[in-house]
Amino acid sequence: MKSFKDRNAVYYSYAIINFFWYVLCGTAILIIGTLFTQHTFGLLLNEIHLGIPIEPDQLTLQTAIDSSMISIDSATASLNADYLMNNHFGLYVGILVSFIIGMGLFLFGFFQLRMMLKSAWNDKVFTQKNITRLKIIAGLIIAFKPFEWLIYQLFVVPIDEMLVANEISVTLDFEPGSFVYGLLLFALAAVFEKGHDMYQELKLTV
Amino acid sequence: MAIIVNLDVMLAKRKMSLTELSEEVGITMSNLSILKTGKAKAIRFSTLEAICEALDCQPGDILEYSEE
């Protein structure tokens, strides 16, 4: 470990990430604790947001305007999780489990980032472990959107269908941004692999 | 093809130990071990020069090319 006098960008990045790591861990424990406490005592406050398609003629407008002149996509409704727990327990458990899995994966990815910065602080950047860490982060970023979509399909769509009489069209909101970030990280992992090879050669030069 | 390092042969000829060579040349034991066991990826001219001087030999006496 370097002296604290040698503070540089790596040190400050590591310090910030380290701080957020502990904050996130604490938050995760609090959220899970809250969820289970709420489940035990029935003090449910969590809400699930639903998009409900409505037509302009369903609205009562203050000023008389022809409904054909207005375009409304949807209204947002909030569902108290208490209702879900009491009436659709399977869905409620599914949402809880998927939430915990998602949070666990996020923390796992964040932990990889923290360890990478720690190794940079210790001047051991080009290591096999860091290459694996980068690939894990890249994989998690790429897998995040499909995971989110799957959870939506499994749990939110059934709730929508139960509650809303209108026909709902579900579309996959694909954002290429995260996918590109994931690919970029894979490319960075390849660069790290080359750096690792060069570092090994340097170490074996006498 | 491979480059074979005959450092142990030269050390035996000069009746010198690896520790003695390490002290005379100023290269760490671990680096000399890497060289002796053939794990080295590269050797600096300065290292080769120092070893040749200490063992009173030519680079060809230490390094040998072998076609595998």
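The values are calculated or read from the model by the stated rules, or taken from the named source; none is laboratory data. Keep in mind it's a predicted model, so treat the numbers as computed, not measured. Reconstructed Cβ throughout: ideal geometry from the backbone, glycine too, with neighbour counts over all protein chains shown.
A few remarks follow.
- Only one of the numbered conditions (1) at pLDDT 90 or above; (2) within 10 Å of the chain's Cα centre (by Cα); (3) within 14 Å of chain A (Cβ to nearest Cβ) is violated by B:SER22, and that is (2).
- Helices (runs of 4 or more DSSP H) contained entirely in the stretch A:76-179, each with at least 3 residues that are surrounded by 16 or more Cβ atoms within 10 Å (Cβ to Cβ) and modelled with pLDDT of 80 or more: A:89-121, A:128-151
- Cβ pairs under 8 Å, 6+ apart, first in the stretch B:28-53 and more than 9 Å from chain A (Cβ to nearest Cβ) and in contact (Cβ under 8 Å) with a residue 24 or more places away in the chain, second assigned to a loop (DSSP other than H, G, I, E, B) and loosely packed, with under 11 Cβ neighbours inside 10 Å: B:ALA50/B:GLY26
- Here B:ALA2, B:ALA12 are screened, and the one residue that is more than 13 Å from every other protein chain (Cβ to nearest Cβ), small (Gly, Ala, Ser) and within 25 Å of A:MET198 (Cβ to Cβ) is B:ALA2.
- Of the residues making up the stretch B:56-65, not a single one is aromatic (Phe, Trp, Tyr), free of Cβ contacts under 8 Å to residues at least 12 places away in the same chain and either more than 11 Å from chain A (Cβ to nearest Cβ) or surrounded by 11 or more Cβ atoms within 10 Å (Cβ to Cβ) (or both).
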